[in-house]
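A quick write-up on the structure given underneath.
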Amino acid sequence: MTPIELEDYLLEHIPLCAAMEISVVAISEESVTLSAPLAPNINHRNTVFGGSASALAILSAWSLLHTRLRSTGLNARLVIQRNTMSYDRPITGAFTAHSYIAEPSAWSAFIRTLARKGRARIEVCSTLEYEGQSVGQFEGAFVSYSPSA
């Protein structure tokens, strides 16, 4: 999946992405980086609203799993089960979220379990960045399941 294909998918299927003006910066097997501008995500203090920061981090993590699952050919749905978010500094401009699988070796077990049991869980992280510095961390558990499970 290319960055343009992922961006089109997000904008078509998740209306919040359009409202936040999210764009896909990069995709690799190990990560997905999304970005968003300040203006549609601003709060009353002229910084990024915490909900927007959290949403971008979640979407980056979800997008990584979505693209990797599609490459396997498995027919599976993907939902977030739980997450934690830390905010280290205010964000006063365009920002990014860079996702990665918390334990890279967990991917193969995740896929095997999903194929065998029709349901699997995996931990994914995202780092929020502003002006080249980390400004927040997301950690979340995602569950994937086959539609017939």
Dipole magnitude of the chain about its Cα centre (Cβ charges: Lys, Arg +1; Asp, Glu -1), debye to nearest 20:
740
Mind checking which of Leu10, Ala36, Gly140 is farthest towards the positive end of segment 3-145's charge dipole, using Cβ charges of +1 (Lys, Arg) and -1 (Asp, Glu) about the Cα centre?
Gly140
Measure nothing fancy, just the Cα-based angle from helix 3-13's long axis to the longest principal axis of the chain, in degrees from 0 to 90, nearest 10.
90
Positive-pole candidate from Leu78, Ile101, Thr113, dipole of the chain, charges at beta carbon
Thr113
Report P(r) for the chain: all Cα-Cα distances, bin width 5 Å, range 0 to the bin holding the largest distance, values in whole percent.
2, 10, 20, 22, 20, 14, 7, 4, 2, 0
Where the Cα atoms of segment 59-100 are projected onto their three principal axes, how long is each span, largest first, in whole Å?
40, 22, 13
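Throughout, read-outs are computed from the coordinates displayed, never taken from laboratory work. If you're wondering where the values come from, they're calculated on a predicted model, not measured in any experiment. Cβ: placed from backbone, ideal geometry, glycine included. Neighbour counts: every protein chain shown.
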